[in-house]
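The values are calculated or read from the model by the stated rules, or taken from the named source; none is laboratory data. These figures come from a predicted structure and were not determined experimentally. Cβ placement follows ideal geometry from the backbone for every residue including glycine, while neighbour counts extend to all protein chains displayed.
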There are 2 protein chains.
Amino acid sequence: MQTIETLLNHKTIRNYKSDPIDEKTLNTILDAGFRASTTGNMQVYSVIVTKDEEKRKELCKLHFGQKMVEQAPVLLTFCADFNRFNKWCEQRKAEPGYDNFLSFFTAAIDALLVSQNVAVAAEAHNLGICYLGTTTYQADKLVDFFNLPKGVVPVTTLVVGYPNENPEQVDRLPHKGVVHQETYDDYSAADIDDIYREKENLPLTAQLLEENQLETLAQIFTQKRYTKKDNIHFSNVFMKVLKDQGFMNNA
Amino acid sequence: MQTIETLLNHKTIRNYKSDPIDEKTLNTILDAGFRASTTGNMQVYSVIVTKDEEKRKELCKLHFGQKMVEQAPVLLTFCADFNRFNKWCEQRKAEPGYDNFLSFFTAAIDALLVSQNVAVAAEAHNLGICYLGTTTYQADKLVDFFNLPKGVVPVTTLVVGYPNENPEQVDRLPHKGVVHQETYDDYSAADIDDIYREKENLPLTAQLLEENQLETLAQIFTQKRYTKKDNIHFSNVFMKVLKDQGFMNNA
C-alpha cells in the first residue's frame, strides 16, 4: 500500500539539490496539508513560504547556520495563528476570547498536524524534508523576521527540496518501548535497559562516544545536544514570545 | 497518487461500527506513526491504547460524553513523554535537564507528528478517525485515569474504527487565506470578507444561525463553541498539569 510505504520509508534529508519545486507540486502539497483535522474547522494556522535566496540565507543564520536551510529551494514556516480568526470575529460583532494558553496550544496542534501532512505529501512527490527544531528556540527572531502580528507564533519549519543524498534510515525504539496497553505501565530499570539496548549498541553510538569522549550516549544528549542551560534559556524565550504575541492573558 | 489521495480525502468520522481492529493492522498503523520525524531521534512520546469496553465508557465521560468514544473499538491517547528518557539518563550517569516548558513543547511536537501519521495510516486502511480536543481540557483527569508519572502529559487523542457513516467532506478556507509568500501579509478588512465568504454562505451556516438564533457564524464560535470563559478555565487547568507533571521549572 503506497501510503503506508511512504510513511514507513521516511528519512530526514539534510543535503538538497538546488532544483526548484514547481508551483503546481507545491500547491498540491500544501492543499494536502490543509486537509488535516483542525479544531472546530477553525484552521487557526498560517504557512509562510520562503523561496527568495536572500531570505533563505538570512533564515539559515537564524536557524543556527544549518546549511540545508539556504541550500533547499523552499522553507515552510508553520505558525499557530489566531490573528485571522480574531479579525474575522471583530468584523462580525463577535468578541474573540483567544488570548490565552489553551488557544495557543489549540492553534499549535492545528499547525503541527498540517506540517506533518505536508511532510508526507512532499515525500510522496519524491521530495525530501527536514524539521527545524530551532523554530521555537528562535521564535522571537522569527516573529521579527516575518513581521508576525499578535496572535501568531511560529511553531515549526520544514525544509523541502529534492534530496542530494540517500542516507540509511535511522533506528527507532522497539514498539513496546513507546506503546502502553490500557494504562501507563511505568518503566523498571530492566525495561529501560531493554528499550535502549539496540540504540546503545549501534556503530553510530560507538562513533559518537569516541568523538565526544563521553561514557554514555545519554551524556551526549544531556551535555552536548540538549543541555539544561540551553533548555531553560529557550524555555524563557518561547514563553516570552507567547506573552508578547498575546497568548498568556489567562494568568 | 494514492498517498496524496489519502490526504486529500480525509473526513472526520463521528459514527463507528463496533468491529474490532485486528492486531496486525493496529501495529502497522502505530509503526507508521513512529516513523514520523522526532527531535534528535529522542522519541519523547508515548501512546496509550484503550480497547477495554469499561475503560472506553469511562473515557467517554471524561471526553464530554461524545458517544463515538465508547462506540469505536480503539482510542489512542498521545502523550508528550520525557519520563522514559529521564529514567534512561539517570541510569546512564547523565543528568536530565528536561523539566521545563521547551522540553514539554518539544515532546508535544513529537507526539503530534506521530498522531498525524497514525491518522493517515489508519485512513489508508479504510479506518476512520476523529481527534479529541477535549484531551487538553481534561488533561488533569486523564493524568489520573492513565496513572501518568511526572514527565508525561496527554496532548491529543484519536478515536479509531470502521466508519458507520459517509459524511460529505467539510469546507476549508481558500489557499490564499492561509498561505503567505515570503513575509506575513496581514489581512485587510476586505481580505477577511473574501476569505470567509464561502464558509459564511454555506447552507450549514444558515442552519447553525437559525438553530442558535445568532446573527453571525463568528458569534457561534465566541458565544457557544469556544467561549472566553471556558478557554481561560481550561488554560489554567492545562498550565497546572504542565506544572504538576514537572515541566515548568524554568520559571
Within the group B:LYS229, B:LYS240, B:LYS224, which residue is surrounded by fewer than 18 Cβ atoms within 10 Å (Cβ to Cβ), touching a residue at least 40 places away in the same chain (Cβ under 8 Å), more than 7 Å from chain A (Cβ to nearest Cβ) and not in a loop (DSSP other than H, G, I, E, B)?
B:LYS240
A:ASN126 is checked against (1) surrounded by fewer than 18 Cβ atoms within 10 Å (Cβ to Cβ); (2) closer than 30 Å to A:ILE195 by Cβ and fails just one. What number does that condition carry?
(2)
Of everything in segment B:1-19, what is closer than 15 Å to A:ASN41 by Cα and more than 7 Å from chain A (Cβ to nearest Cβ)? Give them in sequence order.
B:LYS11, B:ILE13, B:ARG14
Regarding A:LYS229, is this residue at pLDDT 95 or above, of a type in the set (Lys, Arg) and farther than 26 Å from B:GLU90 by Cβ?
no
Condition first: facing another protein chain (nearest Cβ under 7 Å) and in contact with a strand residue (DSSP E or B) (Cβ under 9 Å, 6 or more places away or on another chain). Can you find one or more residues in segment B:202-217 that meet it?
no
Only one of these is at the interface with chain B (Cβ under 10 Å from one of its Cβ atoms), within 14 Å of the chain's Cα centre (by Cα) and not basic (Lys, Arg): A:LEU102, A:LEU112. Name it.
A:LEU112
Taking the criterion of being within 7 Å of another protein chain (Cβ to nearest Cβ) and touching a Ser or Thr at 6+ places or on another chain (Cβ under 6 Å), would at least one residue in segment A:139-150 satisfy it?
yes
Please indicate, with yes or no, whether at least one residue in segment A:34-53 is more than 10 Å from chain B (Cβ to nearest Cβ) and either in contact with a Leu (Cβ under 8 Å, 6 or more places away or on another chain) or without any contact (Cβ under 8 Å) to a residue 60 or more places away in the chain (or both).
yes
Across (1) buried (at least 18 other Cβ atoms within 10 Å of the Cβ); (2) touching a Lys or Arg at 6+ places or on another chain (Cβ under 6 Å), A:GLN169 clears everything bar (1)
Only one of A:LEU158, A:LEU173 is at the interface with chain B (Cβ under 10 Å from one of its Cβ atoms) and either assigned to a helix (DSSP H, G or I) or in contact with a strand residue (DSSP E or B) (Cβ under 9 Å, 6 or more places away or on another chain) (or both); which?
A:LEU158
